[in-house]
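Everything on this sheet refers to the single structure shown next.
The values are calculated or read from the model by the stated rules, or taken from the named source; none is laboratory data. These numbers come from a predicted model, not from an experiment. Here Cβ is always computed from backbone atoms with ideal geometry, including for glycine, and neighbour counts include all displayed protein chains.
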């Protein structure tokens, strides 16, 4: 669906995107992650042709092309910076924006009503957008980005402004859109939600790739698939954690509390011996490693996988 090849974008002395390459497959949810200033927004704006790369190439699959040009009606875009007509009625705004992308007005109104109903704001469709809360305005903006049923949708911070219930609703809808054949590029900071819906993930920093792959791929290449949470009474000989081939990493999360990450071919018996030798164990439990921990660990170590 999209090939982003050796792309460079510079602003004065800053290389916002630095020889970055990745591919997005048709019909997948592809998550683009990174801290503020990593190059995500610049990448998205170049994909949307809001600005041009200084070098490299960005090419779309045939389903998005019309001759040798991108058919913009096949693209959907939810920008991080919201921009709705505050004094316009909700339904008129949605129909207008959809017809700009080639939709039939009557069909657009029918679909807009269905989406507003699903989001619980159909009874307010004649009201001005300015009367809505931030969360409800976000719902309207989201609907506007996918109402014309694009082949490829870019959703930049789609969960922003939503409570947990609506975040789950948006997650379900994104999955449904993917299952219906839409390709989705997703950028967000809610790691738990991304972990649950993304087919593949790319983490970038300073415009460069840190690590990429499925959630399981990047988990195994950065920390491990599981961790051990240990709390101690009294002093801890944490230097013992560093001398074992069974332990990949150890982090003190609170006084007397440690998170222990396993090496690939660890022996739990050997790990437990080290834990006991390090001090008086108070509690001990295992837990799955989540995407938030992978994100932090990747940037702590410059994205390099542990040996």
*Considering (1) more than 28 Å from residue 42 (Cα to Cα); (2) assigned to a helix (DSSP H, G or I); (3) touching a strand residue (DSSP E or B) at 6+ places or on another chain (Cβ under 7 Å), say which one residue 141 fails and leave the rest.*
(1)
_Among the residues of segment 158-174, what is the count of those that are in contact with a strand residue (DSSP E or B) (Cβ under 9 Å, 6 or more places away or on another chain) and surrounded by fewer than 19 Cβ atoms within 10 Å (Cβ to Cβ)?_
0
*Determine, yes or no, whether residue 170 is under 25 Å from residue 197 (Cβ atoms) and either touching a helix residue (DSSP H, G or I) at 6+ places or on another chain (Cβ under 7 Å) or part of a helix (DSSP H, G or I) (or both).*
yes
*asked:* Condition first: within 12 Å of the chain's Cα centre (by Cα) and modelled with pLDDT under 95. Now tell me which residues in segment 165-185 satisfy that.
replied: none
*Look at residue 102 and say whether it is modelled with pLDDT under 95, assigned by TED's automatic domain parsing to the domain that holds residue 119, out of contact with any helix residue (DSSP H, G or I) (no Cβ under 6 Å at 6 or more places or on another chain) and not in a strand (DSSP E or B).*
no
*Can you name the number of the only condition in (1) farther than 26 Å from residue 134 by Cβ; (2) crowded, with 18+ Cβ neighbours inside 10 Å that residue 177 fails?*
(1)
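A quick yes/no check of all residues on (1) modelled with pLDDT of 95 or more; (2) farther than 30 Å from residue 192 by Cβ:
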| residue | (1), (2) |
| --- | --- |
| 84 | no, no |
| 91 | yes, yes |
| 95 | yes, yes |
| 106 | yes, yes |
| 117 | yes, no |
| 138 | no, no |
| 161 | no, no |
*Inspect all residues belonging to segment 274-290 and state whether any of them is surrounded by 12 or more Cβ atoms within 10 Å (Cβ to Cβ) and within 27 Å of residue 202 (Cα to Cα).*
yes
_closer than 30 Å to residue 40 by Cα, outside the structural domain of residue 31 (by TED's automatic domain parsing) and either in a helix (DSSP H, G or I) or touching a residue at least 40 places away in the same chain (Cβ under 8 Å) (or both): is that true of residue 269 in this structure?_
no
*Any idea how many residues of segment 121-138 are surrounded by fewer than 17 Cβ atoms within 10 Å (Cβ to Cβ) and not in a helix (DSSP H, G or I)?*
4
*Which one of 284, 210 is in the same structural domain as residue 35 (by TED's automatic domain parsing) and either touching a helix residue (DSSP H, G or I) at 6+ places or on another chain (Cβ under 6 Å) or modelled with pLDDT of 85 or more (or both)?*
210
*Among the strands (runs of 3 or more DSSP E) confined wholly to segment 1-97, which include 3 or more residues that are under 21 Å from the mean Cα position of the chain (by Cα)?*
2-11, 14-24, 29-33, 75-78
*Looking at segment 38-71, which of the residues that are within 25 Å of residue 213 (Cα to Cα) and without any contact (Cβ under 8 Å) to a residue 24 or more places away in the chain is surrounded by the most Cβ atoms within 10 Å (Cβ to Cβ)?*
45
*asked:* Out of the residues in segment 98-117 meeting the condition of being under 27 Å from the mean Cα position of the chain (by Cα) and in contact (Cβ under 8 Å) with a residue 40 or more places away in the chain, tell me which one is nearest to residue 71 (Cα to Cα).
replied: 101
